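Here is the structure we will look at.
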Amino acid sequence: MVEGEGLPAVPRLLFWKTCSIPAIIGVIQGPPFVRSFFRRDFLKTIVWFRNDLRLHDHPALKEASECGEVLPVFILPNHASPTASDWWLFESLKSLQQQLLKLGSTLTILKGEPSRVLSVLSKKTQADAVFFNGQVDPVSRREEMALLESESLSEVNVRRFAPNMLLDPTLLKTGAGDPYKVFGAFWKSLQQQTIPWPIAAPASLASWIDEYPGTIPLEQSGLRDSIDWDTSFEKVWIPGEAASFEQWANFRDKGLKGYDTKRDFPAINGTSRLSGFLASGNMSIRALWHAVKRAQEEGIAPQPEPFLRQLAWREFSYYQLFHFPDITERPLRPEFLHFPWLEDPAGLTAWKKGKTGYPLVDAGMRELWETGTIHNRVRMVVASFLVKHLLIDWRMGAVWFRETLVDYDVANNTLGWQWIAGSGFDAAPYFRIFNPTTQSKKFDKNGAYIRKWVPELAALPGASLHEPHMAPEDVLTEAGVVLGETYPLPIVDHTAARARALDAYAHIKGKKEG
Ligand SMILES: Cc1cc2nc3c(=O)[nH]c(=O)nc-3n(C[C@H](O)[C@H](O)[C@H](O)COP(=O)(O)OP(=O)(O)OC[C@H]3O[C@@H](n4cnc5c(N)ncnc54)[C@H](O)[C@@H]3O)c2cc1C
């Protein structure tokens with residue numbers, strides 16, 4: 001952990017010290033991987049970087065660095081369509097390269113199916129070991145299993161380390177031994193646990209090869225030129241580990257104390273804005289947790305529970321995805337398999353483009369396009385609008401978020417959508433339907449957020465800004481708004497949409513799977 005950056009120094013005694021096995025090589029017999037396991041001080045280890053693009057609290061990197069020489073590797077994603085988070089990834093990799101250089105190391109970038117790539121690499125470089133931190137999503141876990149079971153790596157010491165979670169997801173269980181399904185009980189149990197201290201970054205990294213000949217230059221990775229709407233992102237974000245510490249320090253000093261009262265107002269800079277750093281692993285969640293605790297001890301934020309609770313929601317999402325891996329596609333509540341979703345391409349397009357005629361919804365969707373994020377309060381409103389007002393399947397919304405969020409996180413996104421749709425275990429009840437106008441009046445009372453993202457409405461006064469279709473004709477004219485031309489009429493009527501949503505819910509109520 002980096003001292004002086006606002007994150008806690010780690011007591012030396014708590015560092016992993018696992019390479020202290022004496023050189024008993026002479027007496028150990030057995031196949032090469034057994035011998036290499038015990039020859040830890042001399043290992044040549046490939047460290048596979050994934051969603052953990054940092055040096056601090058990186059268990060696999062730390063262990064490898066203490067066991068011998070290290071070859072850091074990143075394998076480029078192979079998704080069908082490019083996404084906004086590729087921009088964040090590109091910038092994070094650039095930053096990681098620079099940090100590794102300072103430690104005397106370089107990042108090898110490769111492409112392909114991970115177990116194949118790593119087996120070829122370990123053969124060509126004669127590596128003894130491949131270390132990596134685990135991930136909880138099903139695709140990554142399949143990659144991990146393929147690697148751990150790979151025949152061609154049978155002579156290599158392949159090890160999986162802790163994922164970027166507060167606790168091992170198998171640890172917390174109900175009294176009956178089942179995974180928790182209710183957040184309140186999960187949170188209570190989590191608070192009783194000791195969260196492991198973060199691990200310090202290695203001070204230097206030795207490598208047995210200078211530069212792997214097959215490495216792909218970052219500029220040629222295809223990440224930077226994959227989408228054409230990312231130019232505005234760099235005005236808002238600086239990804240990378242160092243920037244994550246700055247963002248935290250700024251939030252600790254200016255936002256943590258008032259978080260609970262400010263977090264719901266999108267026009268205010270009242271949340272941490274750390275989600276991109278956490279999603280990419282620029283920042284360790286354990287480091288953040290302990291940094292918050294330290295801020296509490298130092299009196300900077302005497303009552304940080306509301307913020308810790310949000311970190312626990314992240315943990316709960318990861319935990320649920322770990323225990324129920326098919327939930328990216330399948331509703332947690334089986335009755336939702338029968339939900340009568342509508343095909344509404346025009347509605348979906350209006351939603352994506354921020355042209356629904358509901359100013360808060362439109363502001364959120366435009367903020368998303370411009371910055372790659374949406375304030376949490378507005379995220380809930382836009383998501384609810386899609387699944388309840390338009391009756392469009394939550395999975396279509398989740399895909400749009402996957403393509404457009406720079407903080408895209410498969411666990412948080414999936415559970416966020418299932419929560420809104422009402423199909424999650426501990427979700428908002430389906431009948432609680434956000435009224436986008438009421439939400440707008442309550443959380444963007446003076447309209448600063450709407451004026452910023454929907455400039456064609458900026459001249460509208462007071463209540464008219466929240467529902468332009470109810471504004472008197474002369475008010476609209478004076479503000480230069482022509483409904484249906486400069487700004488759309490509502491694509492659905494709230495009262496009718498609400499009744500339709502409740503009908504649809506009645507259709508599945510009490511239904512079971514099958
Ligand atoms: C439909 C929907 C989709 C979402 N998709 C994502 C996503 O892809 N990636 C993502 O990181 N978050 C997602 N969220 C959760 C939440 O909106 C964001 O984490 C939050 O807005 C990020 O802003 P912040 O860092 O300033 O949050 P803060 O309020 O400062 O919270 C701190 C951290 O706690 C975690 N957190 C906060 N709220 C939640 C929550 N409701 N669920 C899980 N973790 C939370 C995040 O890691 C966040 O960075 C989604 C929420 C909804 C309703």
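Here the spin labels are modelled as points 7 Å beyond Cα on the Cα-Cβ line, and at Glu329 and Gln126 they lie 4.5 nm apart.
Over the chain, the Kirkwood radius and the radius of gyration, each from Cα atoms, give a ratio Rg/Rh of 1.00. Which part of the range 456-483 falls in the paramagnetic zone of Asn446, meaning amide N under 19 Å from the point 7 Å along Cα-to-beta-carbon? Zone members listed by number: 457-467.
Quick one: length gained pulling Met470 to Glu297 fully straight, 0.36 nm per residue minus the C-alpha distance? Kindly include the intermediate steps, with their values, before the conclusion.
Details: separation 173, 0.36 × 173 = 62.28 nm, distance 5.10 nm.
Gain on stretching Met470 to Glu297: 57.2 nm.
Calculated mean residue ellipticity at 222 nm for the chain: -12500 deg cm²/dmol, from DSSP H runs with n ≥ 4 weighted as -39500 (n - 2.57), summed, divided by the residue count and rounded to 500. Estimated from the Cβ-Cβ distance and a Förster radius of 56 angstrom, the FRET efficiency linking Thr486 and Val182 is about 0.75.
Relative contact order for the range 22-164 using alpha-carbon pairs under 8 Å, separation at least 6, rounded to a whole percent? It would help to have the intermediate numbers written out before the result.
Working: 207 pairs, mean separation 41.9, N = 143.
With pairs under 8 Å counted, the relative contact order is 29 percent.
At an R0 of 41 angstrom, the distance between the Cβ atoms of Thr477 and Asp260 translates into a FRET efficiency of 0.45. For the chain, the longest principal axis of the C-alpha atoms and the axis of helix 305-323 are separated by about 70°.
From the C-alpha coordinates alone, can you work out the Kirkwood hydrodynamic radius of the range 343-421, in Å? Spell out each step's value before the answer.
Working: mean 1/r = 0.0827 Å⁻¹.
In the range 343-421 this quantity evaluates to 12.1 Å.
Each residue was assigned an accessible area with a 1.4 Å probe, and for Arg379 the value is about 50 Å². Stretched out straight at 0.36 nm per residue, the stretch from Glu305 to Ala146 would grow longer than its current Cα-Cα span by 53.3 nm. Segment Val399..Ile216, full-extension length gain: 63.0 nm, with 0.36 nm per residue of separation and the alpha-carbon distance subtracted. Of the whole protein surface, Arg500 contributes about 90 Å² of accessible area at a 1.4 Å probe radius.
Apolar share of the accessible surface for the chain: 53 percent from carbon plus sulfur atoms, 1.4 Å probe.
Equivalent-ellipsoid semi-axes for the range 165-247 (Cα gyration tensor, √(5λ), whole Å, largest first): 39, 22, 16.
At 25 °C and a viscosity of 0.890 mPa s, what translational diffusion coefficient does Stokes-Einstein give for the range 291-381, taking Rh as the Kirkwood radius over Cα pairs? Give it in µm²/s as a whole number.
Numbers: Rh = 16.8 Å.
It comes out at roughly 146 µm²/s.
Using only side-chain charges placed at the Cβ, +1 for Lys and Arg and -1 for Asp and Glu, the dipole size of the range 22-164 relative to its Cα centre rounds to 220 debye.
At a Förster radius of 22 Å, what calculated FRET efficiency corresponds to the Cβ-Cβ distance of Trp229 and Glu343, to the nearest 0.05? My answer for the efficiency is 0.25. With the whole protein complex present, Glu297 retains an accessible surface near 150 Å², based on a 1.4 Å probe.
The values are calculated or read from the model by the stated rules, or taken from the named source; none is laboratory data. This one's a predicted model, so the numbers in the text were calculated from it and none came from an experiment. Ideal geometry is used to build each Cβ from the backbone, glycine not excepted, and the neighbour counts take in all protein chains shown. Protein only, heavy atoms only, side chains kept; ligands, DNA and RNA dropped before computing areas. Shrake-Rupley method; radii C 1.70, N 1.55, O 1.52, S 1.80 Å.
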